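The values are calculated or read from the model by the stated rules, or taken from the named source; none is laboratory data. Computed from a prediction, not measured in an experiment: that's the story for all the values here. Counting neighbours? That spans all protein chains shown, and the Cβs are built from the backbone with ideal geometry, glycine included.
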Amino acid sequence: MQVPLKPHADSKSALQAATEPGISTSVSRLTGGSLILLDMQANETQVCVRYAETDQMGVVYYANYLVWMEVGRVEWCKAAGFNYRDMEQEDGVLLAVVEAQCRYLHPARFDDQVIVKTSVKKASSRMVHFGYEMRRAGDGRLLSTGETKHLFCGRDLKPVRLPARYYAQFGL
């Protein structure tokens, strides 16, 4: 499921992001010259909490949220029109995680349905920055937010530029 573009709440952040060299974001000019940063298309995917993903307290073990972010990224790629596997195999381009952050707000428990919303926050020909929201499907409660930053690299793990054929999907 894709979510429509929405204006960024902070116009100062929008201006900073829009003027950062090498970073691509969707920006609109309003009357009076104001800038609004538009988030890239978001994709939502659903996961069901397995018993094996919970800890002794009966809540999802913290590292599993990072696994769900990976599920979200792979599904975002498919929704954007390409398979991450094909990018690796055909183009030799890997997405190496260079930074990961997760903020835990409320616990998920066994058999909860969790919606993972994934979007690209920033992208350049060298890096991509994904953002995530994880919500319980039943009541929409925000469980967690997160971000990951990835370096495009080759099979030798050295930095490479994203092939031009993927520019549109990443908003470049």
Quick one: which residue in A96, A168, A100 is modelled with pLDDT under 95 and not charged (D, E, K, R)?
-> A168
Report yes if some residue within the range 137-145 is within 21 Å of K78 (Cα to Cα) and either part of a strand (DSSP E or B) or basic (K, R) (or both); otherwise report no.
-> no
Working only within the range 146-172, note down all residues that are in a loop (DSSP other than H, G, I, E, B) and either free of Cβ contacts under 8 Å to residues at least 60 places away in the same chain or aromatic (F, W, Y) (or both).
-> D156, K158, R161, Y167, A168, F170
Test A96 against the stated conditions and say whether it is farther than 15 Å from N43 by Cα, surrounded by fewer than 17 Cβ atoms within 10 Å (Cβ to Cβ) and in contact (Cβ under 8 Å) with a residue 60 or more places away in the chain.
-> yes
Can you tell me which residue within the range 99-123, out of those that are outside any strand (DSSP E or B) and in contact with a Lys or Arg (Cβ under 9 Å, 6 or more places away or on another chain), is surrounded by the most Cβ atoms within 10 Å (Cβ to Cβ)?
-> A108
So which residues in the range 51-86 are in contact (Cβ under 8 Å) with a residue 24 or more places away in the chain, among the aromatic types (F, W, Y) and either more than 17 Å from Q41 (Cα to Cα) or in a loop (DSSP other than H, G, I, E, B) (or both)?
-> Y51, Y62, Y65, W68, F82
